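Visitor: Dropping the structure in here first, questions after.
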Amino acid sequence: MSDQLVQPDDDATTPPAAPAPADEEAMDTTTSVDRDTSAGDSPDDGVAAPPGLPPGRMVDLAGRGPSWVRADDDAGGRTDVLVVHGWTVTADTTFAPSYPALADRYRVIAPDLRGHGRGLRTAGRVRLEDLADDLAQVLDGVGSDRAVVVGYSLGGAVAQLLWRRHPERVAGLVLCSTARNFQSGPVGDLWYRGQGWLAPAVRAWPGPARNRMVQAVNGKVSDGPYAEWYRRELLRSDPATLLRVGAALGRFRSNAWIGEVDVPAAVVITTEDRTVPTRRQRGLARALPDAAVHEVAGPHNSAVTQAAEWVPALRRALDGLELDPA
């Protein structure tokens, strides 16, 4: 999610601006990459990428199609950590600064969610439950029986659902900049529903939406040594599916069952967050049994913009979990 929102009321988060799709050239590049099933990065790797990216490959999700994931082939005695990114971004554009800092103790498993980056391509309605089921298949694809699940923003909602639907796959939870629901009353409900209503039009008439996506990405990414790489990664996504995922996010509520979580849990709170307000994050922390709380004085996208503070907080949250040896 973007970090551009006004402060919502106590019961909700205010919705972000709708994601905008990519231009024709960027979409052509994405299509060629989606067909690449080799390990590593895409064929157009003349673009400088951040250091420390784990090897990547396409894995098959139970016959539904290929989806991109980064993970070392062998855990080498390390704990598996499944990292789940936010809405309209990708695993790499969220967690690239975190990969090197975790690699000594953790095998990071970093998939792109459905419709995001090089994630699974589907048509029709999307539920967050579908994304959680996709993650269980990703774990199968990389040979992981059980993992600690780190979820950021949308990824935090999906992580909660992964525990609820596949508890045997979740060794622990670290929920970052996320909440028990993303509603904001009648206006917010209408906004989220509108994402789903827009999706068929974007699918049918992609040109204007693609142009809008390029404008949005160019406005989001600042200059730097990896700016072009970040732009390329963000433009890989399928805009119609992003909209459907946004609609699904508006339907998410874990209030009734999040207190039943029975694995070690921690919460990383961004205290200057205007996308998922701090009080909403604290509400999640209070609802989780015995959750450790780690705070970062920064905005919603601190995982990238304030990585020097956010990544150590994530590492402390992971290191502090008292995991079952089994």
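Values quoted throughout were computed directly from the atomic coordinates according to the rules given, and no laboratory measurement underlies them. It should be emphasised that the depicted structure is a prediction, and the values quoted were computed from it without experimental measurement. Cβ placement follows ideal geometry from the backbone for every residue including glycine, while neighbour counts extend to all protein chains displayed.
Visitor: Check which residues have an amide H placed less than 5 Å from R180's amide H, if you skip close sequence neighbours.
Guide: Under 5 Å from the amide H of R180: L284.
Visitor: Right, something else. Residue by residue through the range 126-137, what is 3J(HN,Hα) from phi via Karplus (6.51 cos²θ - 1.76 cosθ + 1.60, θ = phi - 60°)? Round to whole Hz and write x for glycine and proline.
Guide: Values, residue by residue: 10, 10, 5, 4, 4, 5, 5, 5, 4, 5, 4, 5 Hz.
Visitor: On to the next question. Of P289, A308, T275, which is farthest towards the positive pole of the range 270-317's charge dipole, taken about the Cα centre with +1 and -1 on the beta-carbons of Lys, Arg and Asp, Glu respectively?
Guide: Farthest towards the positive end: P289.
Visitor: Based solely on C-alpha atoms, express the radius of gyration and the Dmax of the range 234-314 in angstrom.
Guide: Answer for the range 234-314, Rg first and Dmax second: 14.8, 39 Å.
Visitor: For the range 247-260, what does the Karplus curve 6.51 cos²θ - 1.76 cosθ + 1.60, with θ = phi - 60°, yield as ³J(HN,Hα) per residue in whole Hz, taken in order and with x for Gly and Pro?
Guide: Result, ordered by residue: 4, 5, 4, x, 8, 6, 8, 10, 3, 6, 9, 5, x, 8 Hz.
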